Amino acid sequence: MHKTKTSLSLGHLAQLPRAGNALLLAAVALMLSACAVGPDYKRPEAAVPGAYKENQDWVQAAPADALDRGAWWTMFNDPVLNELEAAVEVSNQNVAAAVAAYEQARAIVREQRASLFPIISLDGSGTRSGSGGGGVTTSNGSTVSTGSRTSNNYQASIGGTWEPDVWGSLGRSVNGANATSQASAADLASAKLSAQGELATNYISLRQTDAQKTLLADTIVGYQRSLQITQNRYNAGVATKSDVLQAQTQLANTQADEVGLARTRAQLEHAIAVLIGKAPGDFTLAAAEWKATIPEVPVGIPSVLLQRRPDIAAAERRVAAANEQIGVAQSAFYPSFKLNASYGYGASKVSDLFNTSANVWSLGLSAAQTLFDAGATRARVDAAKAAYQQTVANYRQTVLTAFQGVEDQLAATRVLAQQQELRRQASAAADQVEQQALNRYRQGQISYTDVVTAQATALSARSALVQSQADRQTTAISLIQALGGGWHVEP
């Protein structure tokens with residue numbers, strides 16, 4: 001790679017022809033005009049449907065503030081959940097890492113912006129030099145000492161360099177850094193939303209486990225009564241030993257299931273502790289009543305999702321940053337300019353350093369142009385364009401995935417609402433069958449195998465009803481996350 005370079009000093013302008021002065025002034029004017037090269041940014045088009053396919057019987061509400069995620073978890077009406085969510089933003093380490101990344105991106109913006117301004121430096125030096133005590137030979141052959149000589153030199157100067165942003169390279173670097181900073185801010189919002197959603201899901205799963213434990217505990221009491229009834233009938237000679245063994249087997253299996261839930265609950269408790277930044281050994285969440293509240297989630301129009309989802313915002317900002325890099329790469333095709341100026345003093349004595357007669361100054365302009373680099377600049381431009389196309393594809397894919405997530409959760413919400421009602425009906429019917437089977441067994445009308453079957457069916461129906469309630473809550477959380485977090489409904 002070869003560069004040509006020109007340096008002009010205004011201290012010698014008087015010796016230049018007028019054409020040279022005009023050329024220098026024209027070059028300075030060109031630098032100050034700052035003609036940016038590269039493509040102007042335009043947000044890429046993405047496939048946005050006119051309405052949600054699964055948005056049936058739902059209220060459309062446009063959020064009033066696209067930036068405010070809101071304390072959406074309060075819609076579940078659980079004070080313990082509210083307290084835990086408040087700790088996520090403060091203590092979660094993934095969120096803390098995202099905060100640090102955002103602060104780093106902001107610092108890079110300030111660093112890039114500083115390149116638009118001159119660099120001012122202050123220099124000072126002092127030296128003392130001398131020669132040893134040598135001598136000279138006279139005509140008669142004797143040596144006469146000349147003695148040692150010393151000298152002092154002191155200098156002080158203030159100087160500045162400035163690279164004018166003629167082709168917009170520095171400005172585009174600033175814009176790119178700013179877009180990256182905005183992407184980091186969106187990543188921070190994504191990290192918060194992810195941690196908040198994961199915490200809410202784990203908390204609801206834990207409360208579901210508590211509800212399942214209560215259900216099994218009540219069932220065990222009933223099975224113990226059934227075992228006692230069977231034992232009494234066996235002692236009276238009206239039941240077989242197999243009836244007692246069946247009752248014992250069913251009771252022991254149900255007790256084992258209840259004990260197994262302790263493991264699931266412990267794991268969920270440990271996960272919650274980590275999400276709020278605590279060691280699992282230092283965190284305990286007491287059993288409490290499960291508030292199976294199902295919030296009504298207002299769904300905005302599809303186009304609003306582009307502003308609501310932080311991951312979409314981050315992907316779009318990275319497209320903008322990649323677009324700026326094309327201009328930065330293209331600016332290498334054009335010459336670079338730099339202005340240098342300095343003013344200082346030099347003297348052999350410190351007392352004479354700042355005398356007017358000892359001042360030295362210079363003002364110059366330099367220019368450099370790449371003549372041959374074997375296609376390296378063109379390769380960098382092509383690479384920047386390819387990187388831009390990659391970010392565009394990532395952005396469009398993020399948008400498609402976001403709409404898929406909303407559609408999935410809308411479908412799940414509708415189906416689970418219908419399913420829960422059917423689960424409730426099935427559970428109520430199974431409870432009646434269980435009671436009737438037990439009564440008929442007491443009267444000797446059916447075998448105990450029929451009782452066991454009815455009891456197992458009833459327990460399965462009750463467990464499925466509890467599961468459906470938890471599924472509706474966790475689906476509401478997933479829908480809120482798919483929509484980008486909280487919202488404000490305009491009156």
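The values are calculated or read from the model by the stated rules, or taken from the named source; none is laboratory data. Computed from a predicted structure; not experimentally measured. As a convention, Cβ positions derive from the backbone with ideal geometry for all residues, glycine included, and neighbour counts pool all protein chains shown. In case anyone asks, the SASA skips ligands and DNA or RNA and just uses the protein heavy atoms, side chains included. Shrake-Rupley method; radii C 1.70, N 1.55, O 1.52, S 1.80 Å.
Can you report the number of residues in segment 279-300 which are modelled with pLDDT of 90 or more and exposed (fewer than 14 other Cβ atoms within 10 Å of the Cβ)?
6
State which residue pairs qualify: first residue without any contact (Cβ under 8 Å) to a residue 60 or more places away in the chain and farther than 14 Å from Ala341 by Cα and inside segment 159-172, second residue in a helix (DSSP H, G or I) and not aromatic (Phe, Trp, Tyr) in any location, beta carbons under 8 Å apart, and separation of 6 or more residues or different chains.
Leu170/Gln112
Consider Thr201 against the criteria (1) open to solvent by 20 Å² or more (accessible area, probe 1.4 Å); (2) hydroxyl-bearing (Ser, Thr, Tyr); (3) over 30 Å from Phe76 (Cβ atoms); (4) in contact with a helix residue (DSSP H, G or I) (Cβ under 6 Å, 6 or more places away or on another chain): it satisfies all of them except one. Which criterion is unmet?
For Thr201, the failing item is (3).
Could you check segment 453-481 and list, in sequence order, the residues that are open to solvent by less than 10 Å² (accessible area, probe 1.4 Å), under 34 Å from the mean Cα position of the chain (by Cα) and touching a residue at least 60 places away in the same chain (Cβ under 8 Å)?
The answer is Ala470, Gln473, Ala476, Ile477, Leu479, Ile480.
Could you tell me whether any residue of segment 368-383 is buried (at least 16 other Cβ atoms within 10 Å of the Cβ), at pLDDT 85 or above, of a type in the set (D, E, K, R) and more than 30 Å from Trp162 (Cα to Cα)?
No, segment 368-383 has no match at all.
When you scan segment 410-452, how many residues do you find that are open to solvent by less than 40 Å² (accessible area, probe 1.4 Å) and either in contact with a Leu (Cβ under 9 Å, 6 or more places away or on another chain) or farther than 25 Å from Leu479 by Cβ (or both)?
Adding up the residues that qualify gives 14.
Would you please name the residue that is nearest to Phe337 (Cα to Cα), looking only at residues in segment 384-409 that are in contact (Cβ under 8 Å) with a residue 40 or more places away in the chain and open to solvent by 60 Å² or more (accessible area, probe 1.4 Å)? I'd like the intermediate steps shown before the answer.
Quick first cut of segment 384-409, residues in contact (Cβ under 8 Å) with a residue 40 or more places away in the chain only: 384-385, 387-388, 390-392, 394-396, 398-400, 402-403, 405-409.
Checking which are open to solvent by 60 Å² or more (accessible area, probe 1.4 Å) leaves us with 385, 390, 394, 396, 400, 408.
Numbers: Lys385: 26, Gln390: 33, Asn394: 37, Arg396: 39, Leu400: 45, Asp408: 56 Å.
My answer is Lys385.
Does Ser242 meet the test of being farther than 21 Å from Arg462 by Cβ and in a helix (DSSP H, G or I)?
Criteria met by Ser242.
Take Gly260 and decide whether it is touching a residue at least 24 places away in the same chain (Cβ under 8 Å) and more than 34 Å from the chain's Cα centre (by Cα).
Numbers: touching a residue at least 24 places away in the same chain (Cβ under 8 Å): no; more than 34 Å from the chain's Cα centre (by Cα): yes.
No, not satisfied.
Among the residues of segment 292-304, are any touching a strand residue (DSSP E or B) at 6+ places or on another chain (Cβ under 8 Å) and part of a helix (DSSP H, G or I)?
So far as segment 292-304 goes, yes, one or more of its residues are touching a strand residue (DSSP E or B) at 6+ places or on another chain (Cβ under 8 Å) and part of a helix (DSSP H, G or I).
Just for segment 148-171: of the residues that are open to solvent by less than 30 Å² (accessible area, probe 1.4 Å) and among the hydrophobic types (A, V, I, L, M, F, W, C), which one is nearest to Leu122 (Cα to Cα)?
Ala156
Yes/no matrix, rows are residues, columns are (1) open to solvent by 60 Å² or more (accessible area, probe 1.4 Å); (2) touching a strand residue (DSSP E or B) at 6+ places or on another chain (Cβ under 9 Å); (3) of a type in the set (Ser, Thr, Tyr); (4) at pLDDT 80 or above:
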{"position": "Ala101", "(1), (2), (3), (4)": "no, no, no, yes"}
{"position": "Gln104", "(1), (2), (3), (4)": "yes, no, no, yes"}
{"position": "Ala107", "(1), (2), (3), (4)": "no, no, no, yes"}
{"position": "Ser115", "(1), (2), (3), (4)": "no, no, yes, no"}
{"position": "Pro118", "(1), (2), (3), (4)": "yes, yes, no, yes"}
{"position": "Gly124", "(1), (2), (3), (4)": "yes, yes, no, no"}
{"position": "Gly133", "(1), (2), (3), (4)": "yes, yes, no, no"}
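Within segment 265-278, track down each residue that is over 22 Å from the mean Cα position of the chain (by Cα) and open to solvent by 50 Å² or more (accessible area, probe 1.4 Å).
If the condition is that a residue be over 22 Å from the mean Cα position of the chain (by Cα) and open to solvent by 50 Å² or more (accessible area, probe 1.4 Å), then Gln267, His270 are the ones that fit.
Cβ contacts < 8 Å: first residue touching a residue at least 60 places away in the same chain (Cβ under 8 Å), restricted to segment 270-281; second residue open to solvent by less than 20 Å² (accessible area, probe 1.4 Å) and among the β-branched types (Val, Ile, Thr), any location; separation 6+ or different chain. Result?
Filtered contacts from segment 270-281: Leu275/Val88; Ile276/Val88.
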